[in-house]
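Below is one structure, written out as structure tokens; the observations come after it.
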Amino acid sequence: MVTSTKNSAKTRSREIKLQGGVTASLDQYNLTLSGPLGKATKDFSSIRAKVTSGSSGIIRIESLGPRKKDLATFGTASSIVANMVDGVTFGYTYKMKVAFAHFPVTVTVKGDSVKIENFYGERVTRSGRIVGNSKVKVSGDDVIVTGVDKEHVGQTAANLEQATKVKRKDQRVFLDGIYLYEKGRSENTQK
């Protein structure tokens with residue numbers, strides 16, 4: 001639950017209440033949230049916003065000044081914390097589709113990378129890196145990326161899409177690749 005308050009014309013603050021078994025710990029600039037699906041950690045040392053964690057299950061984010069840049073950074077920090085709470089509570093799922101016209105593409109998961117074989121008949125295996133604790137599952141023509149950190153899940157999906165990017169050809173004609181078609185919270189734990 002997010003509540004927003006305006007303290008004065010100079011700074012803004014927002015409080016995020018932790019619910020559903022989510023606990024927070026703040027060590028210097030590192031915020032760690034633990035929930036039913038796992039842990040998510042974020043380093044706020046380079047983000048110009050004050051993040052504090054109280055013992056009553058409330059995380060408070062404050063802007064450091066009244067300027068437009070400070071308020072934009074404050075909004076970014078509060079969105080990151082809200083996404084972390086959603087991630088450890090529900091999780092994130094990105095669904096991707098393998099598309100090919102002639103050469104059948106084979107996608108497999110090996111360690112911390114996804115191997116893409118026979119892309120346009122190439123003998124070289126293309127690969128996309130799996131970021132963080134994201135999990136990738138391949139079932140038929142679908143590639144499903146899940147995890148608790150929205151940034152890691154999104155970057156893993158982007159790595160797979162970029163690994164199959166077609167260069168020096170008309171992309172309107174050569175449509176083979178791995179494309180994102182759905183993203184959001186995981187369905188299995190949604191209420």
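Overview of values
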{"item": "Column: log10 I(q)/I(0), Debye, Cα scatterers of the chain, q = 0.08, 0.09, 0.11, 0.13 Å⁻¹", "result": "-0.35, -0.44, -0.61, -0.76"}
{"item": "Gaussian network model of the chain, springs between alpha carbon atoms under 10 Å - residue of ARG48, ARG14, ARG67 with greatest fluctuation", "result": "ARG67"}
{"item": "Whole-Å semi-axes of segment 139-191's equivalent ellipsoid (Cα gyration tensor)", "result": "27, 12, 9"}
{"item": "Whole-number D in µm² s⁻¹ for segment 92-185, Kirkwood Cα-pair radius fed into Stokes-Einstein, 20 °C, 1.002 mPa s", "result": "161"}
{"item": "Dipole magnitude of the chain about its Cα centre (Cβ charges: Lys, Arg +1; Asp, Glu -1), debye to nearest 20", "result": "620"}
{"item": "THR41, THR89 arranged by Cβ crowding within 10 Å, fewest neighbours leading", "result": "THR41, THR89"}
{"item": "Inverse of mean 1/r across different Cα pairs in segment 2-89, Kirkwood, Å", "result": "13.0"}
{"item": "Sites LYS137 and ARG168, calculated FRET efficiency, Cβ-Cβ separation with R0 30 Å, nearest 0.05", "result": "0.40"}
{"item": "Residue among VAL88, VAL166, VAL107 with the largest mean-square fluctuation in a Gaussian network model of the chain, springs linking Cα atoms under 10 Å", "result": "VAL166"}
{"item": "Degrees, to the nearest 10: 150-163 long Cα axis against longest axis of the chain", "result": "20"}
{"item": "Residues LYS42, LYS97, LYS167, LYS150 arranged by fewest to most Cβ contacts within 10 Å", "result": "LYS167, LYS97, LYS42, LYS150"}
{"item": "Top of ARG60, ARG129, ARG172 by mean-square fluctuation, Gaussian network on the chain, Cα under 10 Å", "result": "ARG172"}
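Just so you know, all these numbers are worked out from the coordinates, no wet-lab data involved. Keep in mind that what you see is a predicted model, and the values were worked out from it rather than measured. With ideal geometry, Cβ positions are generated from the backbone for all residues, glycine too; neighbour counts draw on all protein chains shown.
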